[in-house]
Amino acid sequence: MAETIPEINNSVNLLRNIIWQTDGSNIQTLIEKKQDWYNQAHEHFWNNWFRDVFDIRTANDFGLNIWARILGISFTIQDCPNLSLTTKQKRLVCRLRYYQLITRSTIPEINGILKDLFGEENGAYALDPNDMSYIMYVFEEQPSDDLSVILAKYDLLPRPATVGIKFRVLEYEPFGFGPYNMNFNNAPFWWGDGLHYDFKCLE
């Protein structure tokens, strides 16, 4: 599940208004100069605005501060006054909050979100114990320090109302036949436990 952002064309083509009677005249020269100005002052401005503000995936600190106000989140962690989030961390916080607001928090949706946020190479996915007590977020490798801070200090991972969250980090790939190598028709085909916890669980 990826953010769907429409492709916006910011170009302005003034030269299309030139007709054959004015071809090569002073009017054409003026329009060409005006076109150069539009390319610099209009098209470049809006392309930069789209990159630096509108698109959360590429927004700079200024744009992310705007998004934080829109999404109702803060980049200040109360119990860590000396901790300053990096631009990359701020982007992740905004994207997590955005997904938290729009998702129905089903397991297929959550796994689509994790794939979009972290990619397939990081091997993050969610499991449901089928009792509505919590959602288990599983990481096939230890999350980076930047990500661990966000997971520990922000409650932004999608989950249904009143349902808790737990984290697991796999030390090795488990054995099994299911989509995540863990089960076959919901039978317990785990090969050992192989789990450890390195950051605070949110419940």
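Read the figures in this text as sums done on the coordinates, not as results from a lab. Everything numeric in this text was worked out from a predicted model, so none of it was measured. Cβ coordinates were reconstructed from backbone atoms using ideal geometry, including for glycine residues, and neighbour counts include every protein chain displayed.
Couple of notes before you dig in:
- The protection proxy used here, the mean number of other Cβ atoms lying within 10 Å of each residue, ranks peptides 150-157, 90-97, 42-49 as follows, highest first: 90-97, 150-157, 42-49.
- In this structure the amide hydrogen of V169, modeled in the peptide plane, comes within under 5 Å of the amide hydrogens of F139, H196, none closer than 5 places in sequence on its chain.
- Here each label is just a point 7 Å from Cα along the line to Cβ, and for Q142 and N48 those points are 4.2 nm apart.
- Remark: segment 28-69 carries a charge dipole of roughly 100 debye about the Cα centre, counting +1 on each Lys and Arg Cβ and -1 on each Asp and Glu Cβ.
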